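The values are calculated or read from the model by the stated rules, or taken from the named source; none is laboratory data. As the structure is a computational prediction, the values presented were derived from the model and not from experiment. Here the Cβ positions follow ideal geometry from the backbone for every residue, glycine too, while neighbour counts run over all protein chains shown.
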Amino acid sequence: MFQSKLLCVHFVVLISVFSKTDGYYEYQTHECVFSSRDLKDVEFVLSLVFNKFIYLQFNSTVGKFVGFNKFGQFNADLKNNNSAELQQWKGEVDRYCRHNDEIFFSAILEKAVPPKVHVRSLRKGSGTHPAMLMCSAYDFYPKQIQLTWLKDGKPMTSDVTSTEEMADGDWFYQVHSHLEHIPKSGEKISCMVEHASLTKPMIYDLESSVLESDTNKIAIGASGLVLGVILAAAGLIYYKKKATGRILVPH
């Protein structure tokens with residue numbers, strides 16, 4: 001999927017000369033500039049730089065060397081009068097740019113690896129305390145990814161925290177999204193993942209047994225609390241009735 005209006009790929013070849021005594025530094029860069037995936041408009045640009053100043057440059061579209069100071073102009077005249085060398089640099093647009101750009105597209109720019117996704121509970125909910133849920137995506141490329149929590153198919157925005165995409169150090173990435181939520185019986189919690197490697201968003205459901213377990217624990221706890229209140233009230237009423245019905249016998 002090529003969306004950039006202008007893409008400039010720098011395959012930089014550093015041929016440098018550095019003198020510690022005088023601080024002179026010279027290098028050259030080879031650049032491939034194009035704006036479309038078919039590479040029809042690709043151009044090769046060779047730049048010779050001395051102490052950060054470009055003094056000589058070749059552009060395959062222009063078809064010749066151009067000097068930007070006296071030394072550069074002198075060398076440009078020499079190279080432009082050498083038809084063999086000039087033809088060699090013109091050929092770099094195919095040998096260097098188109099060849100390497102195809103490798104760049106297939107191996108880097110268009111490379112896409114789908115994520116491995118896990119949805120699980122980190123902390124069980126109890127009473128009014130919410131459960132902590134986590135949606136994790138591992139080993140995906142490129143970096144950009146979107147995780148969205150869903151409740152019964154609708155996006156959830158509150159109580160959601162996400163970490164930034166983290167590099168694994170091997171060109172792959174991972175990301176984790178956390179959700180604090182008080183589970184309710186019968187609801188469906190899911191994590192929706194959107195990524196360049198996927199033709200459509202993928203939805204991963206939290207196991208219903210996890211939610212049912214949390215819901216059952218909350219229900220049992222609440223039932224126990226209500227039962228305790230009822231038993232305490234019944235005991236108090238019974239005690240008061242017994243106390244009222246007693247007959248005091250004088251000594």
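Before moving on, here are some points about what is shown:
- Residue in region 147-166 that is within 11 Å of the chain's Cα centre (by Cα), under 22 Å from Glu110 (Cβ atoms) and in contact (Cβ under 8 Å) with a residue 24 or more places away in the chain present: no
- Where strands (runs of 3 or more DSSP E) fall entirely within region 86-201, none has at least 3 residues that are assigned by TED's automatic domain parsing to the domain that holds Val62 and surrounded by fewer than 15 Cβ atoms within 10 Å (Cβ to Cβ).
- Residues of region 26-61 satisfying the condition of being without any contact (Cβ under 8 Å) to a residue 24 or more places away in the chain, of a type in the set (A, V, I, L, M, F, W, C) and closer than 17 Å to Tyr96 by Cα: Val45
- Filtered by the rule that a residue be assigned to a strand (DSSP E or B) and of a type in the set (Asp, Glu), region 20-76 gives Glu26, Glu31, Glu43.
- Lys52 falls short of the stated requirement of being more than 30 Å from Ser106 (Cβ to Cβ), in the same structural domain as Arg98 (by TED's automatic domain parsing), among the basic types (Lys, Arg) and modelled with pLDDT of 95 or more.
- Some residue of region 135-147 being at pLDDT below 80 and farther than 15 Å from Val113 by Cα: no
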